[in-house]
Amino acid sequence: MPKGNVSIDMTPMVDMAFLLVTFFILTTQFRPDEPVSVSTPSSTSVSNPPEHGKVIITIAPDSRIFFDLDNQNFRKSLLEKMGQSYNLTFSVDEMNAFATGSSIGIPMGGMKTYLDMSPEERKKVEQPGIPVDTSQNLSNELGVWLVNARIAGNNPVILIKGDSKSNYPAVKNVFKTLADRDVLKFGLITADEAMPVEPIK
Amino acid sequence: MAELQSGGDGHKGKKRGGVRAKKMSTRIDMTPMVDLGFLLVTFFILTTTMSKPKAMQVVMPDKKVIDSTQMSKIRESEAMTILLGSNDRIFYYYGQSEPKVEVTYFTKIRKILIEKNKEVLALQQQNGWKPKTATEYNGVYIGIKPTDESKYENLVNMLDEMKIVGIKSYAIIDATPEELEMLPK
């Protein structure tokens, strides 16, 4: 050998790199566009919310309420049922627009106009939040959403995702709406926090 | 570098003796591809969120079952009420008659809860007070009453304290007008 060969066989490394790329591509789930960003408080709870079949009620820092059901087929029948409750009929396009969306904070009165917009326009809309009036039944739209979602979503788990800085009256209204519809067990979505190490006893 | 060998036809060409272009190297420079590969790896590693959100289970009292008569079945010495006020303040009092409201903060509440719970457990053991359904002593009964000035975070932190201290009997209840009256502004 007249000269030392300095080129290294990179094949195994390249194999490995692309294996990793494939792994990450397949496991990554992109977060859907949320209409509002919420920073949840942290707790020492360890139970994981289910991957599918859940209703998430979001409480924004400014007390607006958003509603989300996570399965596309369920969402279609949810919108249909909501239409029946409020005497509205939705076209196939509107159904699809709703099914592919995420959390919704539009009162039923403005729902058709919202769903008829283009996806770009829809992103720009400042959603006013779902009306929660605990004193009346049909104007408490969150309650109607909830009842319909429990039928459409095949008894989903109910989760509340509140912002740390949300004022309690907004939370109280959601709690009361849930209790009025006999939802007494639900989950609060929190971030991870380590259990304190100091001895408690 | 990885290389592709074009074996076999090297001799053939020479035998025929035709004029040939200089043999091209079949090696491919893989550096750009590898660069891109690692760029993608880095991107996906950074965008993947590993910590999944957790859910804290909450059970609300059923209004149809629990009313004021049920609440009064709890002995005065077993009860503690916690009111969540503005600016992360906690107001608490023991018992139901002649309440003396005291103020504290989230950094100190754990010690208070642990002590009260121990005290009530000892009292229950001493007198043999057991709840009707469970066989174990229940410890202190806590009513958590968030006021309208409190934040959602306060409630979650308080529920978390219950779990950390190991208090099993607590409920989220609305504060009464009399209680709100007692709070210092």
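Laboratory data are not the source of any read-out in this text; all were calculated from the coordinates shown. Being a predicted model, the structure only gives us computed values, none of them experimental. Glycine also receives a Cβ, built like all others from the backbone with ideal geometry; neighbour counts cover every protein chain displayed.
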**Complete:** Per the 1/(1 + (r/R0)^6) rule, R0 = 25 Å and r from the Cβ atoms of B:Leu183 and A:Asn48, FRET efficiency to 0.05 is 0.10
**R0 of 51 Å, Cβ-Cβ distance B:Met162-B:Leu36: FRET efficiency to nearest 0.05** = 0.45
**Asked** Tell me, what HN-Hα J-couplings in whole Hz come from the Karplus equation 6.51 cos²θ - 1.76 cosθ + 1.60 at θ = phi - 60° for each residue of the stretch A:92-98, using x for Gly and Pro?
**Response** 4, 4, 5, 4, 5, 4, 6
**Prompt:** What list of ³J(HN,Hα) values in whole Hz, one per residue of the stretch A:174-181 in order, does the Karplus curve 6.51 cos²θ - 1.76 cosθ + 1.60 (θ = phi - 60°) give from phi, with Gly and Pro shown as x?
**Reply:** 5, 4, 5, 4, 5, 5, 5, 9
**Request:** Provide the per-residue ³J(HN,Hα) series for the stretch B:80-93, in order, calculated from phi with Karplus coefficients 6.51, -1.76, 1.60 and θ = phi - 60°, each as a whole number of Hz, with x at glycine and proline positions.
**Result:** 8, 10, 10, 10, 9, x, 6, 6, 6, 8, 10, 10, 9, 8
**Asked** Using modelled amide H (1.01 Å from N, peptide plane; none on Pro or chain starts), what sits under 5 Å from the amide H of A:Leu188, excluding residues fewer than 5 places away?
**Response** A:Ile160, B:Met56, B:Gln57, B:Val58
**Prompt:** Between A:Met10 and residues 5 or more places away or on another chain, which pairs have amide H atoms under 5 Å apart, with H built 1.01 Å from N, and which residues are they?
**Reply:** B:Ala2
**Asked** Is the stretch A:69-139 best put as rounded, prolate or oblate by its Cα gyration tensor, with a ≥ b ≥ c the root eigenvalues, rounded for a/c under 1.5, and otherwise prolate when a/b is larger than b/c, oblate when not?
**Response** oblate
**Request:** Please list the non-local residues whose amide H lies under 5 Å from the amide H of A:Val55, H modeled 1.01 Å from N, same-chain partners needing a gap of 5 or more.
**Result:** A:Val157, A:Ile158, A:Leu159
**Request:** For A:Glu193 and A:Thr22, calculate 0.36 nm times their separation in residues minus their Cα-Cα distance, and state this gained length in nm to one decimal.
**Result:** 58.4 nm
**Request:** Could you tell me which of the pairs A:Lys81/A:Lys161; A:Lys176/B:Lys168; A:Lys54/B:Lys118; A:Lys172/B:Lys118; A:Lys185/B:Lys145; A:Lys124/B:Lys151 are separated by over 27 angstrom between their Cα atoms in the structure shown?
**Result:** A:Lys54/B:Lys118; A:Lys172/B:Lys118; A:Lys124/B:Lys151
**Prompt:** What is the distance in Å between the Cα centres of the stretch A:114-171 and the stretch A:1-80?
**Reply:** 23 Å
**Message:** Apply the a/c threshold of 1.5 to the C-alpha gyration tensor of the stretch A:61-201 and tell me whether it is rounded, prolate or oblate.
**Reply:** prolate
**Message:** If I model a spin label at B:Val59 and B:Ser77 as a point 7 Å from the Cα along the Cα→Cβ vector, what separation in nanometres do I get?
**Reply:** 2.7 nm
**Fill in**
Rounded to 0.05, the calculated FRET efficiency for the beta carbons of A:Tyr86 and B:Asn127 at R₀ = 51 Å is 0.35
**Asked** Want the number for B:Lys22 to B:Lys111: 0.36 nm per residue separation, take away the alpha-carbon distance, what's left?
**Response** 23.5 nm
**Message:** Taking the Cα centre as origin and putting +1 on Lys and Arg beta-carbons and -1 on Asp and Glu beta-carbons, what dipole magnitude results for the stretch A:6-78, to the nearest 20 debye?
**Reply:** 340 debye
**Request:** With label points built 7 Å along Cα→Cβ from the Cα atoms of A:Asp182 and B:Val103, find their separation and express it in nm.
**Result:** 4.4 nm
